[in-house]
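Notes for the one structure printed next.
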Ligand code: AMP
């Protein structure tokens with residue numbers, strides 16, 4: 001097990017990547033907010049097989065949290081993260097302080113449309129994707145990797161990042177990694193630590209309900225009725241439902257069920273104070 005170097009500045013990141021490039025080595029970037037779990041590690045494994053060097057960034061990005069959200073109490077577990085990344089064989093951990101990413105006077109935000117205004121997460125977190133896209137654009141430009149990978153767990157985010165990277169001509173291949181789940185279907189998330197025992201028991205209902213609805217849709221039953229029933233099931237289990245929607249998997253627009261184009265079902269719901277999101281292919 002090698003110990004990944006810890007990089008804290010843009011200058012040091014550029015120095016490392018310059019050396020790797022000069023040696024003809026390809027580079028992959030795995031952006032995270034830390035509190036790493038098997039979902040994050042799976043992303044490092046996917047790119048490990050595709051690039052010679054793997055950088056994992058750990059940065060809890062303040063600009064993607066609304067003032068009412070959990071920025072200050074978001075789990076920070078750097079030592080445990082470092083051990084997991086050493087075991088995963090990554091080459092470097094890029095862990096800048098907020099002032100390195102947002103120095104005094106920082107005044108630029110990326111403005112988005114397309115998948116960022118699909119009426120899903122953006123409806124409930126109106127400033128979220130501008131914060132995500134701005135920090136991801138910076139990370140992409142700072143590291144300029146050949147490949148960057150993001151989880152399908154955050155499906156709308158993945159679409160926003162693909163669009164932004166393409167629109168800004170960043171020469172980076174954006175990959176999506178499948179969602180890693182607990183045995184009962186609950187998608188792994190750093191926020192699952194907020195769940196108490198009773199909430200943890202209920203949490204997988206999101207995934208179970210979506211799987212059941214997806215199967216019925218594939219079986220040709222009435223989509224509107226299935227979605228109405230699924231929403232009722234989630235609410236009856238004790239969730240406060242933000243949305244459960246069926247969308248086109250590429251555009252995130254209204255689903256064209258008859259066309260045979262790929263569909264995606266996406267959900268966001270609160271259980272107590274904890275907001276969970278998930279999605280599946282239909
Ligand atoms: P986060 O630290 O929550 O910002 O997540 C960092 C990256 O890991 C994002 O690209 C997420 O989509 C991805 N991710 C989070 N949870 C999972 C999961 N359960 N399976 C696969 N990828 C995940």
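The values are calculated or read from the model by the stated rules, or taken from the named source; none is laboratory data. No experiment lies behind these values; they were computed from the predicted model shown. Cβ sites come from the backbone with ideal geometry, for glycine too, and all protein chains shown count toward neighbours.
Of all residues in segment 29-61, those being away from the ligand (no atom under 13 Å from the Cβ) and either touching a residue at least 40 places away in the same chain (Cβ under 8 Å) or under 13 Å from the mean Cα position of the chain (by Cα) (or both) number 4. Any residue at all in segment 254-262 that is surrounded by 13 or more Cβ atoms within 10 Å (Cβ to Cβ) and within 16 Å of the ligand (Cβ to nearest atom)? Among the residues of segment 254-262, not one is surrounded by 13 or more Cβ atoms within 10 Å (Cβ to Cβ) and within 16 Å of the ligand (Cβ to nearest atom), which makes the answer no. Quick check, is residue 89 over 19 Å from the mean Cα position of the chain (by Cα), part of a loop (DSSP other than H, G, I, E, B) and either surrounded by 13 or more Cβ atoms within 10 Å (Cβ to Cβ) or modelled with pLDDT under 95 (or both)? For residue 89, the condition - over 19 Å from the mean Cα position of the chain (by Cα), part of a loop (DSSP other than H, G, I, E, B) and either surrounded by 13 or more Cβ atoms within 10 Å (Cβ to Cβ) or modelled with pLDDT under 95 (or both) - is met. Any residue at all in segment 163-182 that's within 13 Å of the ligand (Cβ to nearest atom), farther than 29 Å from residue 257 by Cβ and either modelled with pLDDT of 95 or more or in contact with a helix residue (DSSP H, G or I) (Cβ under 7 Å, 6 or more places away or on another chain) (or both)? Yes: segment 163-182 contains one or more residues that are within 13 Å of the ligand (Cβ to nearest atom), farther than 29 Å from residue 257 by Cβ and either modelled with pLDDT of 95 or more or in contact with a helix residue (DSSP H, G or I) (Cβ under 7 Å, 6 or more places away or on another chain) (or both).
Just need a number here: residues in segment 20-36 that are touching a helix residue (DSSP H, G or I) at 6+ places or on another chain (Cβ under 6 Å) and part of a loop (DSSP other than H, G, I, E, B). So the count comes out to 3. Applying the selection to segment 183-206, what residues are within 11 Å of the ligand (Cβ to nearest atom), surrounded by 19 or more Cβ atoms within 10 Å (Cβ to Cβ) and over 12 Å from the mean Cα position of the chain (by Cα)? Once the filter is applied, which keeps residues that are within 11 Å of the ligand (Cβ to nearest atom), surrounded by 19 or more Cβ atoms within 10 Å (Cβ to Cβ) and over 12 Å from the mean Cα position of the chain (by Cα), segment 183-206 yields only 186. For the residues 3, 63, 17, 44, the requirement of being closer than 18 Å to residue 80 by Cα and assigned to a helix (DSSP H, G or I) singles out 44.
Please work out if residue 158 is assigned by TED's automatic domain parsing to the domain that holds residue 139, surrounded by fewer than 16 Cβ atoms within 10 Å (Cβ to Cβ) and touching a residue at least 12 places away in the same chain (Cβ under 8 Å). So residue 158 does not fit the description; no. In the set (1) closer than 25 Å to residue 158 by Cα; (2) surrounded by fewer than 19 Cβ atoms within 10 Å (Cβ to Cβ), residue 279 fails one condition alone, (2).
Among residues that are closer than 19 Å to residue 254 by Cα, within 16 Å of the ligand (Cβ to nearest atom) and in a helix (DSSP H, G or I), residue 130 is not included.
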